[in-house]
Each structure stands twice: as C-alpha cells, then as structure tokens.
Amino acid sequence: MPTSSSRRLVPRLLTGSVLLVFLVFFVLPVLWLVLAATKTDQQLVHGSPLSFGSWHALKANWDALTAFQDNAVLQWLGNSTLYALISLVITLCVAVPAGYALAMTEFRGRHTLLVSTLVVMLMPTATLVVPLFLEINAVRLIGTMWSIVLPYSFYPFGVYLTYIYFTTAVPKDLLAAARMDGCSEFGVFRHIALPLATPVVALVGFFSFVANWTNYFLPYVMLPESGQMPIQVGVGTLLSNVPSFNPAVGTLAIERPQLALATLVAITPVLIVFLFAQRFLVSGMLAGATKE
C-alpha cells in the first residue's frame, strides 16, 4: 500500500508540472520580450535568447522609437489613455446603476433585457465592428474621438456583473430598512448600495479599462489618421515598418528590438493598474460567491 508521504508526493508533482508549463508558455516569452528591448538587432538574432544586452542599447532603442514620426509613440500612448479613461468614467456611470436597477426592480421586459445583455456580452467584439461602423458613420462621427469612446462605453459585461453582485451579495434587509426610514431609491443606491459595491465597481473598472486599452479592430476601422491612433494600432503600424516583416519599407524602418520595446510600453499601463487594483480585484471576484 502507498505510504502517506508517497500520497502527498503525487499532488506536489502535479502542482510542479503545472507551474513548469505555466513558466514555459507564459513567463519565458515575457522575459524574452523584456530582454529583447535591451539588445541591438544583431544581438537579438545571433545572441542568446535570454541574455541581457546593455543599457546603452536600451537607450538607443528608446531614442529611435520616440523619434519615429516625431514622437508618434508617445502621442499614441496619450490617445489610448484619453480614450480608455473617458470610456471608463462613462461605463461606471452607466453600468453600475443599470445593474442595480435590474437587480432591485421588477418591470415589464426585465427578463428580456437580461437575456439580451447576456447574449451581447457573449458575442465576440469583432462581430459588432461593422454594425457599429454603420451607426457611427450615420451620425457623422467617423474619425473623431467619440467614434471610439461611445462604443467603448457600451459594456454589457459590467452591467451583468453588477447585477449578479447586487442580487447575491448586498443584504436586501439593509436596503429595505433604508427605504422604511424615508430614503429615496436613489438615496438607497448612493448611500447604501454603492459603498457596499466598491469591490465590484473596481472589478468592472479594471475589466473595462483592459478591454478598452487592448482593443485593436475598432479603432483601426474608426480612426483613419495616424495622429488619432491608440497605442495598439500604433504597434501594428510599427510592425509594418520592420524590414524583416515588410521588405518594402524605406527610411522609416523600425528594428525588432524597438518593436519589442514598443510592445512593453503598450502593456505597462495595464500592469500598473493591475498592481494598484489587485486588492479590490480579489475581493470583487470573491463577492457574490456565497449568498446571504
């Protein structure tokens, strides 16, 4: 019969194997990307994949990257920040009250509205780009900031997430007591429900920010000018200016280490937001896991 030590060994080996797979498929590519930004193009091709280049090469890559189209990368970064933050504010102002209303009120068509929200939430984002383009074009907003901000602000996942939270995690007796004390429905939401919903508000905000920041197809279709591009579309422009991928490029060529550095610049804001919001994210993901 197997001993207790051997029985404990099997889960440990399984856990170690999973962590090893995670390391190979997720950590190593990120480590390679970070190190690639510190090398010259020749070092990247012929050197060790996981070796550090030099701080001088990193600075040279940064200077070359920022010199591309007169600091276009920094402009793209600013565009992404502007689009994502404005959309985030609108999303929170709309999705959280909508989720509360769906959870706390009964009205005709409520079930249909919930099902519609769930269906739209499950649809791939790319399937909505063409209908959104036709709608935005009909109101003559193509090529403006609002052609990105308004579709970004439509976030059915946030509505459904807050609906689940208010349905399962907020004590109904507490809200009923506030109503009996003469508090209006808006007052109940503002002073009771919203403070209790801080974790899920942070969760919706984080997911909305990440979805807006990483969206590529929508701004690629909506914004024709380079100066309006967010950083994700800008990285695609840089990719088309790498001679290894596009031999037809001329004097505006971008080398592969500079492209790796641009990719790091594009993902850094999301990592920063995650680090500052992780406490709220954990509590938000656990909220509603058990009913009152």
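What the table shows:
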quantity	calculated
Relative contact order (percent, whole number), the chain, Cα cutoff 8 Å, 6+ residue spacing	27
Rounded Å value of the spacing that divides the Cα centres of the stretch 127-201 and the stretch 95-124	10
Helical mean residue ellipticity (222 nm; -39500 (n - 2.57) per DSSP H run of 4+; nearest 500) of the chain	-22000 deg cm²/dmol
GNM flexibility winner over the chain from Leu118, Leu65, Leu102 (Cα, springs under 10 Å)	Leu118
Rounded FRET efficiency, nearest 0.05, which uses the C-beta distance separating Val270 from Ser226 and R0 of 25 Å	0.65
Highest-MSF residue in the chain out of Val129, Val96, Val210 [GNM, Cα springs under 10 Å]	Val129
FRET efficiency for Ile142 and Leu33, using Cβ-Cβ distance with R0 set to 25 Å, rounded to 0.05	0.15
For peptides 222-228, 232-238, 176-182, 142-148, sequence by mean Cβ density within 10 Å, most packed first	232-238, 142-148, 222-228, 176-182
Simple label model, 7 Å out from Cα along Cβ direction - Phe133 to Leu20, nm	4.7
In order through the stretch 68-85: 3J(HN,Hα) via Karplus (6.51 cos²θ - 1.76 cosθ + 1.60), integer Hz, x for Gly, Pro	5, 6, 6, 6, 5, 4, 5, 5, 4, 5, x, 4, 4, 4, 4, 4, 5, 6
Cα long-axis angle, helix 4-22 against the chain (0 to 90 degrees, to the nearest 10)	60
Among (1) 0.96; (2) 1.27; (3) 1.00, the entry derived from the coordinates for Cα Rg over 2.2 N^0.38 Å	(2)
Folded to 0 to 90 degrees: helix 129-138 orientation relative to the chain principal axis, Cα	80
Order by protection proxy (mean Cβ within 10 Å, highest first), peptides 131-137, 13-19, 272-278	131-137, 272-278, 13-19
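Each value in this text was obtained by applying a stated rule to the coordinates, not by laboratory testing. Quick caveat, the model's predicted, so the values are computed rather than measured. Every residue, glycine as well, gets a Cβ built from its backbone with ideal geometry; the counts of neighbours run over all protein chains shown.
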